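Taking it in order: structure first as structure tokens, then the write-up.
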Amino acid sequence: MHEFFAQLVNGIALGGIYALIALGYTMVYGIIELINFAHGDVYTLGSFFSLTILGALGVSGEVRGPLLIVDVGVTIIGAAMLCGIVGILIERLAYRRLRFAGRLAPLITAIGVSFILENVMQVWRGPSPVAFPAVFPTHIYNVGGVGISLLQLAVVTLAIGTMLLLEFFVHHTRFGQAMRATAQDREAATLMGIDINRTIALTFFVGSALAGLAGFVSGAYYQSTWFFNGFGAGLKAFTAAVLGGIGNLAGAMLGGFLIGIIESFATWKLGGQWSNVTVFTILVLTLVFRPAGLLGEVTPEKV
Amino acid sequence: MLQVEGVSRSFGKLVALHDVSLRVDAGSIAGVIGPNGAGKSTLFNLITGLGRPESGTIRFSGKRIDGRPTYWIACLGIARTFQNLRLFPHATALENILTGEHVRLRSNLLEDLVRTPGQRREEEQARARAFELLHLVGLRRAANVRAAALSYGDQRRLEIARALASRPRLLLLDEPAAGMNPVEKDGLAELVRTIHRTGMTVLLIEHDMRFVMGLCEHLTVLDYGERIADGVPQAVRENPRVIEAYLGSELPA
Amino acid sequence: MIFVYIGSTILVAAFGQRIHVPVARIAVYVGLALLLSVGPVLGLGSDATLNTLADAGIFVLLALGLNIVVGFAGLLDLGYAAFFAIGAYTYAMLASPQFGVHLPFWVLLFVGAALAGAFGIILGSPTLRLRGDYLAIVTLGFGEIVPQVFQNLTRFTGGPNGIAALDFPSLFGRSFGTAAFPYYEVTLGLIGVALVTARNLRSSRIGRAWMAIREDELAARHLGINTTRMKLAAFAIGAAFAGVGGVVYAAKLSLVSPDLFQFQVSILVLSMLVLGGMGNIAGVVIGSLVLTLVNQVILPQSNVLAQAAHLPVNLSNAHFFIYGGILVAIMLFRPEGLLPSAQRQAELHESVQADGV
Ligand SMILES: Nc1ncnc2c1ncn2[C@@H]1O[C@H](COP(=O)(O)OP(=O)(O)OP(=O)(O)O)[C@@H](O)[C@H]1O
Ligand SMILES: [Mg+2]
């Protein structure tokens, strides 16, 4: 029973990371119906940017007290901004030209971008895992017999807080309105005077910035990262987005936590070598039996 | 030949068709008319298996076809054209028609793979028939032109030829004359008559009253998803509800 | 020597289809086939050359198979390496000391094709009605699952180490051994079969059905085309090609292990298609040869040069970058691939004439 709760906490923290990445997938898919395959690699970039910033701040281990907030804050904002800019660049250089080229050409391009980013990171940071400083104090709070670390609390709070912020953003700001209008009908949105290109670019910025945030969190959580990290994590986060219902922010969050918990339990019960198989099986089953996901609506084919 | 009985279909709150019935007798030319958004294309879609009616039945030669898969209905002998042309744009006119012959060809995968003599003979015949159809619609010389490179009127006629390639028993034409000038329209009417003379049953949707009046033996009028009139063209034209529905848009001549 | 073989193939493939006199074209192709098949018998090319060529040939086979799925039917399969793995493991389990089963290579070619095709159908039946991008991701998931399962079922598959000491194929009682020559000739023969298969299928009833699905699936259904069945056929045939490739690959290497069938392999094959021109048979052959040349000859060579010149670059890891660069650059600037099909050009040409009429 104790182990059960420990795995649950573990899964929820892992799920928080997936959820953050999944938000980016879901936003981009919601607006231009593209599976942004390079998104997972932007997340890895987030880890590497964080490493660089931490290095510049002179952080190489645990930080205590108010300084923790300053250091972490600066790192998160820096990594998120840099990733956001990378996201905008990718959209501008690779995807924008293909906006009317059907579904497959942009997807193939996205895979190409992913490979390029991976190679660049491999050259930049080497082919092996890179250590990430353990920034957060390791103190474990005992909650009813289950140990919860400050970091785990931070992950979950960040993920949920971000989603709430995004929800507000999408439903109560002008940009959010533009985003929803663009997603629904690009032509009509143009007629309403919405700058489509800017809206899409901003969507990429926000989604990629969240991936950057997730990159920092996962680095701090696992205390290591490597150039290929984003491939698996990206696929799992995409699975989360699909499971929750692609295009749906709350769905991405729900899917993220579910996938995190499922992966954690699969690792515990079946062994680590089966966790990927389990998650990908869920991906396949969801797409086959409920392509709209848990919270999504089925849209009929237009003739 | 075709019996539509009490068919309804809605999209969310919008009722596109409500309790619509229609019969098409074998060997006739029938028309469906009505203002924009009346539900005409939706009716065609239901007949060809794009979506299923919420109530009512559709029968073809006595067989229930509502809710059956599109390819299956096509195999039974219903072919159609689309309001917004759906040719294979990068394929040539000839290839478009050959693809239309799909259901008539018998060769299976293995025969295609090794090109048995039977398969070759069948391909020969298919090409010959495709050229006949190209000739019928006046596109003989454009056989090797990509569909997308054809003029709009030619594309419309190519789509009809492609539909005919499957040797259907019922041909559905969704606004075949849309976007044509009067001369082209007359040519098209002549083409439809020629096709009809070969024994084909035709059901067509059209906006242009003059076009349907001269061509159709029977008309059904839809307005806001309801059937408001049904009968021979003369009677339909004098029907007050029809005149009212068309008031302000296109008065029946 | 390798440049003579690959270079002549590329040239002939590229210009062969521009030759409009059928007899001349056939003569050119037969000449090439003779050069490729008889050349090595006459001792043209070292063992290392033939070895590289045989590897290249296996990829040509894979690319031709994937081309049926992606190029003809328009279905993006991102897990193609899974079928390659199924073929390879078929050979590894049924022609090795692993279970003491030693079936002949020639039989296993068919078994591998059949098993891979069957898996294609099993994966395809529930998924082929999905939208294109979803299908792509499902196949990707499948491509991740298969090698992982092979890795985990240690009792049957040898786990991460795989299965080694596979039987050498033999013909008329003579074992192939470790020389590259017989594998090269077998691969060449299989490519011949694959080329004819692809060409025949493309210009027949089923090939037109695939074209229709690719261009406008809804219109295809209205012509009585059972789209699900036709897609399944494409999937199964493509998978079968990969199965055959896997059997040859395993036999030649005398070893299989799960890491040989990662996602990168699927993307490598996809890059070959994209580079040469999806749907264009000659283009696909060229694309696979060019990429093999880059991977196996040009990159290592330039590495040697770079080191000799004391340049601080290491190109041995540039593969990713090259595949990615090809995918992005071609999609953005030349989506029809390097070799636009002569057929399309002819069409464009004739359309100009017809417009004038
Ligand atoms: N797939 C769909 N989803 C939602 N609404 C639809 C769909 N298809 C049709 N409609 C709606 O149903 C109504 C009837 O459409 P339909 O295309 O049948 O009209 P129509 O009579 O063919 O009109 P037109 O003359 O403009 O072609 C319209 O209001 C249309 O917007
Ligand atoms: Mg209509």
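The values are calculated or read from the model by the stated rules, or taken from the named source; none is laboratory data. Please read all numbers here as calculations on a predicted model, not as lab measurements. All Cβ positions, glycine included, derive from the backbone under ideal geometry; neighbour counts span all protein chains shown.
A few comments on the model shown:
- Filter pass, B:THR42 being under 17 Å from C:LEU218 (Cα atoms) and in contact with a Ser or Thr (Cβ under 9 Å, 6 or more places away or on another chain): no
- Filtering the range C:327-357 to residues that are more than 7 Å from every other protein chain (Cβ to nearest Cβ), assigned to a helix (DSSP H, G or I) and at pLDDT 70 or above leaves C:ALA329, C:ILE330, C:PHE333.
- Matching residues in the range B:1-39 - criterion: being over 16 Å from B:CYS216 (Cα atoms), within 10 Å of ligand 2 (Cβ to nearest atom) and touching a strand residue (DSSP E or B) at 6+ places or on another chain (Cβ under 7 Å): B:ALA38, B:GLY39
- Qualifying positions in the range B:79-95 - away from ligand 2 (no atom under 16 Å from the Cβ) and more than 9 Å from every other protein chain (Cβ to nearest Cβ): B:ALA93, B:LEU94
- Counted residues, the range B:196-210 - those being away from ligand 2 (no atom under 15 Å from the Cβ), modelled with pLDDT of 85 or more and of a type in the set (A, V, I, L, M, F, W, C): 2
- Residue in the range B:150-166 that is touching a Pro at 6+ places or on another chain (Cβ under 9 Å), within 16 Å of ligand 2 (Cβ to nearest atom) and away from every other protein chain (no Cβ under 13 Å) present: yes
- A:ALA101 falls short on exactly one of the conditions (1) at pLDDT below 95; (2) surrounded by 19 or more Cβ atoms within 10 Å (Cβ to Cβ), and that condition is (2).
- Of residues in the range B:9-28 being more than 14 Å from every other protein chain (Cβ to nearest Cβ) and surrounded by 22 or more Cβ atoms within 10 Å (Cβ to Cβ), the one farthest from ligand 1 (Cβ to nearest atom): B:VAL24
- Flag if B:GLU101 is within 12 Å of another protein chain (Cβ to nearest Cβ), of a type in the set (D, E, K, R) and without any contact (Cβ under 8 Å) to a residue 24 or more places away in the chain: no
- Cβ-Cβ contacts under 6 Å between residues 6 or more apart (or on different chains), taken from a first residue in the range B:171-199 that is on the phi > 0 side of the Ramachandran plot to a second residue that is crowded, with 17+ Cβ neighbours inside 10 Å and assigned to a helix (DSSP H, G or I), are absent.
- Among residues of the range B:52-78, those that are away from every other protein chain (no Cβ under 14 Å) and surrounded by fewer than 18 Cβ atoms within 10 Å (Cβ to Cβ), counted: 8
- Index of the failed condition, C:ALA114 passing every other in (1) buried (at least 23 other Cβ atoms within 10 Å of the Cβ); (2) modelled with pLDDT of 95 or more: (1)
- Test: residue in the range B:213-236 that is within 16 Å of ligand 2 (Cβ to nearest atom), of a type in the set (Phe, Trp, Tyr) and in contact with a helix residue (DSSP H, G or I) (Cβ under 7 Å, 6 or more places away or on another chain): no
- Search result, residues across the range B:196-223 that are part of a loop (DSSP other than H, G, I, E, B) and over 18 Å from B:ASP174 (Cα atoms): B:THR198, B:GLY199
- Qualifying residues in the range B:30-51 (those that are under 23 Å from B:ARG193 (Cα atoms) and near ligand 1 (Cβ under 6 Å from one of its atoms)) - the one surrounded by the fewest Cβ atoms within 10 Å (Cβ to Cβ): B:SER41
- Filtered residues of the range A:49-88 (kept if surrounded by fewer than 19 Cβ atoms within 10 Å (Cβ to Cβ) and under 23 Å from A:MET27 (Cα atoms)): A:ILE77, A:MET81, A:ILE85, A:ILE88
- Among the residues listed as A:SER114, A:SER149, the single one being within 14 Å of chain C (Cβ to nearest Cβ) and among the small types (Gly, Ala, Ser): A:SER114
- Residue in the range A:260-274 that is basic (Lys, Arg), over 20 Å from the mean Cα position of the chain (by Cα) and more than 22 Å from A:GLU33 (Cβ to Cβ) present: yes
- Restricting B:GLU123, B:GLU101 to those that are surrounded by 15 or more Cβ atoms within 10 Å (Cβ to Cβ), more than 16 Å from ligand 2 (Cβ to nearest atom) and under 16 Å from C:ALA212 (Cα atoms) reduces the list to B:GLU101.
- Residues within the range B:40-75 that are among the hydrophobic types (A, V, I, L, M, F, W, C), away from ligand 2 (no atom under 16 Å from the Cβ) and without any contact (Cβ under 8 Å) to a residue 24 or more places away in the chain, tallied: 2
- Considering C:ASN226, C:ASN303, C:ASN280, C:ASN295, the condition of being of a type in the set (S, T, N, Q) and more than 30 Å from C:ALA329 (Cα to Cα) is satisfied by C:ASN226 alone.
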